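Let me begin by presenting the structure, written as structure tokens, before commenting on it.
Coordinate-derived values only; no laboratory data. Fair warning: this is a prediction, and the values are worked out from it, not measured in the lab. Cβ placement follows ideal geometry from the backbone for every residue including glycine, while neighbour counts extend to all protein chains displayed.
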Amino acid sequence: MSRIAIVGAGGFVGTSLIESLVLDGHTEVRAVVRSYRNMAGFCRWGDAVEVRLADATNEASLVKAFEGAAVVVNLTTGVPAGIVQSTRAIYSACRKAGVPRFVHLSSAVVYGDVEQPIDDDALPLDNLWMPYARAKAESERWLRTQHDSDLDLVVLRPGIVWGVRSSHTLGFAHALARKSSFLVDGGSSIFNGIYIANLVAMIRAACAKPGKAAGFYNAGDAETVTWRQFYDALGGPLDCDPARLPVVSGEKFPWSLGAAIDAVQSQSLVNALYHRLKTRIPDGLKAAIRARLEGAYNFERHASQYAIAVAVNRELWHLQRVRHKLPVQKFARDFDFVMPVGFPEAVQQTVSWLEAIGLAVPTSESSAKLNRAIYS
Amino acid sequence: MSVRTIVVGCGAVAQRLYRKPLAQLAKRRLIEVVALVDPAAAHAQEMLLAFPAARHFTSLDEACGATHPELTLVLTPPALHCAQTLTALAHGSHVLCEKPMANSSAECGRMIDAATAAQRVLAIGMVRRFFPAFAHLRQVVQAQELGVLQSFEYREGHKFEWAVTTPAAFRPRSQGGAGVLFDIGTHALDFLLSVFGDLEAEEYADDAAGGIECNVAMKLRAPQCRGSLDLSWDVPQVNVLRIVGTRAEAALRLDRFDQLAVTANGVFVPRTIDQSFPVDIKRDGRRIVPLSYADAVLCQLVQVLRAISLGEQPAVAGAEGAACIALLERALDMARPLPEPWLSASQRAAAARLHGSAR
């Protein structure tokens with residue numbers, strides 16, 4: 001594999017990809033980041049990682065940063081209003097810099113709640129409520145209109161990226177430890193996730209395939225897992241029995257003040273204004289607002305009482321309503337790819353990380369529960 | 001009395017932490033910022049907006065020669081702290097040097113010796129000493145409210161979001177980098193030292209693999225008990241310090257200024273936090289309970305002014321700053337690879353091979 005330029009290298013997927021490349025002896029890794037602070041996540045590798053500064057929405061700076069790269073991987077997220085702009089700028093910069101392959105990360109959220117079975121080549125949905133989903137869908141639609149025989153385009157569409165260092169996983173783990181989580185319809189719907197090491201392996205396969213490679217692909221773990229099974233797997237080490245969590249109906253979203261604010265904020269204009277304001281509010285004020293919204297803090301290591309009524313987050317409610325697993329066979333076929341980490345192993349690795357950061361408590365009982373959850 | 005002050009280093013620390021409290025003190029005529037020293041004109045320009053009468057220099061020696069400061073604030077990357085402190089002291093200026101005091105004990109020793117010889121104040125910027133809940137916890141432990149101490153657990157980490165203006169901190173230590181140990185670690189160990197009086201490193205592991213560490217795990221021994229310290233630059237930790245005693249347990253939120261709880265009959269009860277600090281150089285002047293970084297830095301600056309004018313002790317003097325660096329050095333001497341059981345066997349072996357290769 002020759003030189004890989006990773007845009008958005010300082011984020012969760014970026015640092016995991018760099019870790020995997022460096023530890024496997026890959027010597028030509030280039031991190032493309034907007035500012036120096038994004039180096040923190042990969043500074044442990046020293047000179048093994050070349051660093052270039054570039055703004056993902058500024059084509060000229062990207063062209064310079066992509067010089068000599070054999071593959072560009074786009075892992076940027078940023079504010080929804082900037083996602084389409086950065087996708088266009090990165091694609092265009094790849095062409096101008098003569099990069100032969102562009103691997104772009106879209107998201108499974110472009111298919112909303114996956115109410116019908118969907119294949120890898122289905123178009124993204126139009127009426128998505130979440131600004132991030134709308135931006136990812138629009139980016140994909142735009143990329144589908146681009147045709148350049150000199151530039152391979154591989155688009156990966158991961159579901160919830162979970163596991164070691166995942167902010168989603170941290171959120172789930174904190175809620176389970178506080179016993180303030182919930183299950184929609186008892187957790188019977190599909191957890192459309194992909195373990196981070198599996199996603200990293202897919203990205204690397206997309207980068208490394210010799211010859212031409214192009215297409216749009218779903219990215220998910222091999223197993224079909226329900227939300228209840230996922231929570232069962234993590235719950236034990238977090239001292240939480242998911243059977244005791246409140247069950248929320250998947251028929252109708254339970255509105256609350258917080259959810260209403262969220263809904264207003266998801267409107268395109270309001271969302272753009274919100275993100276603009278966020279950058280201008282002093283850190284002290286932001287911290288004070290966060291503290292106020294957070295409410296009373298629970299100083300216990302793990303909460304002793306299960307919540308009776310919980311505030312239902314709209315995004316998580318929708319994620320827990322997914323009816324169908326996105327098929328992942330197309331990538332396996334085209335890239336001769338086998339998912340390297342199975343669900344039980346992924347859970348064990350994740351729990352070992354949760355233990356390392358002090359969230360999960362290692363006990364033989366929790367390990368036994370975990371094994372039962374995985375193998376039953 | 002306005003204390004003629006030089007700011008050395010006009011990057012993120014100066015702009016985000018010091019500009020506002022300095023401007024407040026300048027308005028009250030307690031401080032006069034006479035010079036701004038930074039090789040990057042753009043950084044100095046940002047600070048000049050708040051202190052238009054100050055002169056911009058690229059050399060500290062030149063700035064001291066031209067403006068004769070009474071106080072020099074050293075707000076540069078750690079690798080520069082020693083040389084700049086020595087320069088300022090040589091010109092007869094008192095010094096407030098941001099943490100970490102320096103990159104080695106040898107440098108700390110030179111700084112302390114120079115301050116002693118010049119009979120000038122050498123204070124180290126450890127702003128968390130002015131967080132009211134932190135000060136309250138110190139009192140709780142020292143008053144033996146927790147009983148005999150049994151253990152402690154310090155966990156702090158978050159994705160690095162400090163808007164640094166240079167990549168200096170992220171370079172390997174051999175190239176002057178600081179890493180999470182010298183960044184959050186100095187705050188953590190300084191505070192734990194102030195709570196327990198003494199600390200010794202028993203084990204130390206980090207994830208440096210050719211570069212600078214991003215995650216750290218330590219085992220520590222205090223006079224009464226043992227404990228652990230975990231720090232991260234790339235993932236949020238639980239951000240709590242727990243101290244367990246025979247009588248009660250205390251839990252301090254490390255990402256807040258005023259949140260501490262102590263158990264009573266096994267249940268955590270939040271404490272009312274009212275620890276205040278002077279914001280005036282009069283002996284019985286006004287005090288505030290700091291609830292923001294700006295407040296805490298203001299109190300820290302005032303404490304240095306009081307050390308200069310009233311002869312009080314700075315919150316953290318050179319000797320305490322040096323004790324913290326010495327502890328970090330002893331820890332680094334026993335560094336081993338941080339366990340990362342989630343990696344594959346071959347990746348763990350590769351990480352172990354790379355570990356410490358740039359030390």
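What's the extension gain from A:Ser35 to A:Asp121 if we count 0.36 nm per residue and subtract their Cα-Cα distance? Mind showing how you got there, number by number?
Details: separation 86, 0.36 × 86 = 30.96 nm, distance 3.55 nm.
Length difference between fully extended and current span is 27.4 nm.
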Lysines near B:Lys20 by alpha-carbon distance under 23 Å, same-chain residues fewer than 8 away left out - which ones?
-> A:Lys278, A:Lys286, B:Lys99, B:Lys282
Rounded to whole angstrom, the alpha-carbon centroid of the range A:1-73 lies from that of the range B:245-279 at a distance of 43
Residue-ordered couplings for the range B:81-91, obtained by feeding phi - 60° into the Karplus form 6.51 cos²θ - 1.76 cosθ + 1.60 and rounding to whole Hz (Gly and Pro as x), are 4, 5, 4, 5, 4, 4, 4, 4, 4, 4, 8
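Tell me, B:Ile288, A:Ile190, B:Ile212 in order of fewest to most beta-carbon neighbours within 10 Å? Write down the numbers at each step before the final one.
On the way: B:Ile288 17, A:Ile190 22, B:Ile212 32.
Going from sparsest to densest Cβ surroundings: B:Ile288, A:Ile190, B:Ile212.
Can you pull the Kirkwood radius for chain A, inverse mean 1/r over Cα pairs, to one decimal in Å?
Values: mean 1/r = 0.0459 Å⁻¹.
By the Kirkwood definition, the hydrodynamic radius is 21.8 Å.
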A:Ala243/A:Lys330 FRET efficiency (R0 25 Å; Cβ-Cβ; nearest 0.05) | 0.10
21 Å Cα-Cα reach of A:Lys209 towards lysines, excluding residues that sit fewer than 8 places from it in its own chain | A:Lys330
B:Arg336 paired with A:Thr27, simple spin-label distance in nm, labels 7 Å along Cα-to-beta-carbon = 3.1
Counting other Cβ atoms within 10 Å of each Cβ, which GluC sites (Glu not before Pro) in the range A:103-147 have at most 15 and sit in a DSSP loop?
-> A:Glu115
Can you give the net charge of the other residues whose Cβ lies under 14 Å from the Cβ of A:Glu67, counting K and R as +1 and D and E as -1?
-> +3
What is the antiparallel percent of DSSP beta bridges lying wholly in chain A, to the nearest 5?
-> 5
Degrees between helix A:80-97 axis and first principal axis of chain A (Cα, 0 to 90, nearest 10) = 30
Qualifying lysines (Cα of each under 20 Å from Cα of A:Lys136; at least 8 residues distant if same chain) | A:Lys325
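For every helix of n ≥ 4 consecutive DSSP H residues, a contribution of -39,500 (n - 2.57) applies; sum these over the protein assembly as shown, divide by its total residues, and give [θ] at 222 nm rounded to the nearest 500 deg cm²/dmol.
On the way: 24 runs with 279 residues, N = 735.
Taken over the protein assembly as shown, the calculation gives -11500 deg cm²/dmol.
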Taking every other residue with Cβ under 10 Å from the Cβ of A:Gly342 and scoring Lys and Arg +1, Asp and Glu -1, one gets -3
In the range A:224-268, which chymotrypsin sites (Phe, Trp or Tyr not before Pro) fall in coil by DSSP and have 16 or fewer other Cβ atoms within 10 Å?
-> A:Trp255
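Work through the residues other than B:Thr87 whose Cβ is under 14 Å from its Cβ and net out their charges, Lys, Arg +1 and Asp, Glu -1.
Working: positive: B:Arg110, B:Arg120; negative: B:Asp61, B:Glu62, B:Glu107.
Neighbourhood net charge equals -1.
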Residues whose modelled amide H sits under 5 Å from the amide H of A:Leu153, counting only those 5 or more places away in sequence or on another chain, are A:Phe102, A:Gly215
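Can you give the FRET efficiency to the nearest 0.05 for A:Ala272 and A:Glu315, using r as the Cβ-Cβ distance and R₀ = 25 Å? It would help to have the intermediate numbers written out before the result.
On the way: r = 18 Å, r/R0 = 0.74.
My answer for the efficiency is 0.85.
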Helix B:345-354 versus the longest principal axis of chain B: what is the Cα-based angle in degrees, 0 to 90, to the nearest 10?
-> 40
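Give me the compactness ratio for the range B:3-120, meaning the Cα radius of gyration over 2.2 N^0.38 Å. Please list the in-between numbers first.
Numbers: Rg = 13.3 Å, N = 118, 2.2 N^0.38 = 13.5 Å.
It is 0.98.
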Using θ = phi - 60° and the Karplus form 6.51 cos²θ - 1.76 cosθ + 1.60, what ³J(HN,Hα) does each residue of the range B:103-116 get, whole Hz, x for Gly and Pro?
-> 8, 8, 5, 4, 5, 4, x, 5, 5, 5, 4, 5, 5, 4
Want the number for B:Arg287 to B:Ala53: 0.36 nm per residue separation, take away the alpha-carbon distance, what's left?
-> 81.3 nm
